[in-house]
1. Please report, to two decimal places, log10 I(q)/I(0) for the chain at q = 0.12 Å⁻¹ as given by the Debye formula with identical point scatterers on the Cα atoms and no solvent.
2. Using the alpha-carbon centroid of each, what span in Å lies between region 264-285 and region 86-126?
3. Using a 10 Å cut-off around each Cβ, can you sort TYR101, TYR230 from fewest to most neighbouring Cβ atoms?
4. How big is the dipole moment of the chain about its Cα centre under a simple scheme where the beta carbon of each Lys and Arg is +1, that of each Asp and Glu is -1, and everything else is neutral? Debye, nearest 20, please.
5. Find the centroid of the Cα atoms in region 1-44 and in region 193-258, then give the distance between the two in whole Å.
6. As I understand it, the dipole of the chain uses +1 on the Cβ of Lys and Arg and -1 on the Cβ of Asp and Glu, about the Cα centre. Which of LEU299, ALA233, ILE222 lies farthest toward its positive end?
7. Stretch LYS41-LEU66 to full length: gain in nm at 0.36 nm per residue minus the Cα-Cα span?
8. Which peptide among 167-179, 191-203 comes first, and what is the full order, when sorted by highest mean count of other Cβ atoms within 10 Å?
Amino acid sequence: MADILIKAGAFVSIIVLGFVLRRVGFFKEGDFHILSKIVLKITMPAAIVANFAGAVVKPSLLVLSLLGLGGGVLMILLAVVLTTGKSREERAFHILNMSGYNIGNFSMPFAQGFLGPTGVVATSLFDLGNAIICLGGSYSLASMSAEGKKKFSLLPMIKTLFQSIPFDIYLFMTILSLFHWNLPGPVLTFAGIVGNANAFLAMLMVGVGFKLSSDKEQVGKIFKIIFVRYTVAFLLCVAFFFCLPLGLEYRQALAILVFSPISSAATAFTAELKGDYGLASAVNSLSIVVSIALMTITLLVVL
């Protein structure tokens, strides 16, 4: 228990460090995007490659990807129900900011730190399905809602997905693992060195980008989204851990992953649709605080 609390405290400390360094001027607000590019395009892909090395993925484990996809679909359906009778813009906002899990920038470092290679593989497979929602699916549906369109277009979503380096790496490494193929040793050594930086940079990036809104009018909307999201997460956590016929390591990973924060892409997509960017940022930041607490508690219970 002490080791878990110490590691969780270290992650929180790195987030606080990033926040403090931005407040004192060491980092500028725009540096968040630089750190995000480094994490998403360099260190996280390297961590995925390094942790997939030697892993044998059975076809049956692809159910983890279906669970990642299903969790996002469930939250989109709840967003539609909650915004019945509301404006198109509000429905689009809820679709974007209730669905999708921030796995790569947030939960992947937790998996690296607490669950080891098996946990990272489980996390990667879960995120393969989750990416369909948070890197294209929810945006396409929200865009349709905002514009009042009734016809769903699959091509833009597919294009968005394959432009995502983490998604491409997930897919590539999953295929290699399914066929028991391995990358050359020097490639794995390089990936291991670079991937070791992922946990620190990802947590630092979260701290640099952390912000909460003080607008009291937004508090009700923020807490409604947070309450619904984490109530569903608790129910999924119990169901996944106690009911799924999977190995303990995979059930441990799933129990933690459902408490992941809202996808970091949601804020950017909200801005792209000319939605309430400030509210999206506030919801996203508060979800990080809640996730840190709940993921730490869950680790204490399941490990």
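1. -0.76
2. Measuring centre to centre over Cα atoms gives 15 Å.
3. Going from least to most buried by this count: TYR230, TYR101.
4. The dipole magnitude comes to about 460 debye.
5. With region 1-44 and region 193-258 each reduced to a Cα centre, they are spaced 16 Å.
6. Positive-end residue among those listed: ILE222.
7. Additional length available on full extension: 6.6 nm.
8. So the order, starting with the most tightly packed, is 191-203, 167-179.
Every number in this text was worked out from the coordinates using simple rules, so none of it is lab data. These figures come from a predicted structure and were not determined experimentally. Methodologically, a virtual Cβ is constructed for each residue, glycine included, from the backbone with ideal geometry; neighbour enumeration extends over all protein chains shown.
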